[in-house]
1. Among I211, L199, P237, which residue has its Cα positioned farthest towards the positive end of the charge dipole of the stretch 191-253, with +1 placed on the Cβ of Lys and Arg, -1 on the Cβ of Asp and Glu, and the dipole taken about the Cα centre?
2. If the chain between E206 and S95 were fully stretched, how many nm would it gain, using 0.36 nm times the residue separation less the Cα-Cα distance?
3. For R216 and L133, compute 0.36 nm times the residue count separating them, minus their Cα-Cα distance, and round to one decimal in nm.
4. Measure out, as a whole number of angstrom, how far apart the alpha-carbon centroids of the stretch 125-156 and the stretch 195-249 sit.
5. Could you list D46, D148 in order of exposure, starting from the residue whose Cβ has the fewest other Cβ atoms within 10 Å?
6. Using the count of nearby Cβ atoms within 10 Å as a rough guide to exposure, how do K116, K146, K49 rank from fewest to most?
7. So for T173, T83, T167, fewest C-beta neighbours within 10 Å to most, what's the order?
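Since every read-out is calculated from the coordinates, none of them should be taken as a lab result. These numbers come from a predicted model, not from an experiment. Quick reminder, even Gly has a Cβ in these numbers, built from the backbone with ideal geometry, and neighbours come from all protein chains shown.
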Amino acid sequence: MSRGFKRLILGCMNVVEEIGPPIYDQYIKALMEISRAITSDLFLEDLLKLIVMVTAKVTGVEICSLWLIDDNENPPKIRLKATQAFAPEYVKDRSLDLNEGVVGYVATHKKPLLIKNVLRNRKFKEKEMARKLGLVSMAGVPLKLKDDKVIGVLNCFTAKPHDFSDTEINLLTAVANQAAVAILNTELMVKTRVIQEELEIRKMVERAKEILMQRRRMKGDEAYRWIQKQSMDTRKPIRQVAEAILLSEELYHK
């Protein structure tokens, strides 16, 4: 866990500790702190952990879980990505089809789902898990972007029968929508970094090729194949081979 992530958690928890009865103004104060935190420059894994931890603390629910839709699958799946209470083995590789369970229902219908008793609801499939953990009531809200696209679902469970108020649903919806934007921005940032790194590697390899073409009288395709072979023979990334060639050229001129 990064230091920045720890500071954000502590900042959010300080606000949460000040919250007494769940009145509107106090929820807004907590929501502002959550919004500040989840729009910070975090890696996606830390961001998802922050969302479920602080949401659970603010709302007082027993368990909060966050699912994201994986569009790379055909048909798309929705995967459990973060929770503040389940054992790690429960989170690992858990996925559902978009027509499965309460998570799939919220994702496809694009609106909140409230269940007073999950053990008596036919849509809820994890009844054994609910009995084991003592879960009773549930609220699920979609993570929606401005174009109404749903990218995931935020679920909250209580240990006692609970009627979620409009204020609570509004808070969860606001957090979910803010989280959706933060997740999208984080994913775009990661993709941008990957693209930038690929461009840097490409430029480095091109410079290394030019050096080989001059020093070894190679053609461009021959120089590239030589770099590839060195990468395979030494089991090192092609970037490291290119860097070694560039460093060798620099030392030669010195």
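1. Of the listed residues, the answer is P237.
2. 35.7 nm
3. Computed gain between R216 and L133 is 23.1 nm.
4. Distance between centres, Cα-based: 49 Å.
5. Result, fewest neighbours first: D148, D46.
6. K146, K116, K49
7. T167, T173, T83
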